[in-house]
Every structure is written in C-alpha cells, then in structure tokens.
1. Taking the number of other C-beta atoms within 10 Å as the exposure measure, put E70, E55 in order starting with the fewest.
2. Would you mind counting up the charge near C28? Only other residues with Cβ under 15 Å from its Cβ, with Lys and Arg at +1 and Asp and Glu at -1.
3. What FRET efficiency would be calculated for the residue pair D10, A40, taking the C-beta separation as r and a Förster radius of 35 Å, to the nearest 0.05?
4. Only counting other Cβ atoms within 10 Å, I'd like S75, S39 sorted with the fewest neighbours first.
5. Among the aspartates and glutamates, which fall within straight-line cross-link reach of K2, defined as a Cα-Cα distance under 16 Å, with same-chain neighbours fewer than 8 residues apart omitted?
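Quick note: the coordinates plus some simple rules give every number you see, no bench work behind them. Note that the structure is a prediction, hence the values are computed from the model and not measured. Cβ placement follows ideal geometry from the backbone for every residue including glycine, while neighbour counts extend to all protein chains displayed.
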Amino acid sequence: MKRMYEFVCDCGQRTEALEVYETTTVLCRCGGFSSRVISAPSFNLEGWSGSFPSEHGRFERKHREKLNAERKANS
C-alpha cells in the first residue's frame, strides 16, 4: 500500500512522493538522494469537537435554523 511521505535532500529541497512503507530514499530533482523525514500532518481538526472543519459549517447552519424556528414559534 502506498502512502504520501515527505523527503528532504542534502541540499535542503523538500519533496513529497507516493511510496511504499519500506522506501526510505528517493532520487531528488537535483540528482542526489532524498531521505524520508517525519513531518506534521496536513489536516486540521476542531479542538472542541474532534470533527473535521467541514462539519462545523453544517452544525452551525443547523443550530441557526433551530434557533430561528424556536424564535418564530415563541413569537
């Protein structure tokens, strides 16, 4: 199974490549070899709920609609 890994060359150039787990070096654009490094993930989770950011918009919209319906019913 291939995964996305980040590699850094001796010249400092960073690249990403879709490689199998066993791959630790790849050929860099400069002609040298790049070593695999551990990097931070590139997605964000909401701290308060653990949901993905797209879910927050849906929650906010439903909450706003519920409040508007309650206000209309109480008026």
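1. E70, E55
2. -1
3. Computed FRET efficiency for D10 and A40 comes out at 0.95.
4. Neighbour counts put them in this order, fewest first: S75, S39.
5. Leaving aside aspartates and glutamates fewer than 8 places away in the same chain, those within reach of K2 are E16, E19, E22.
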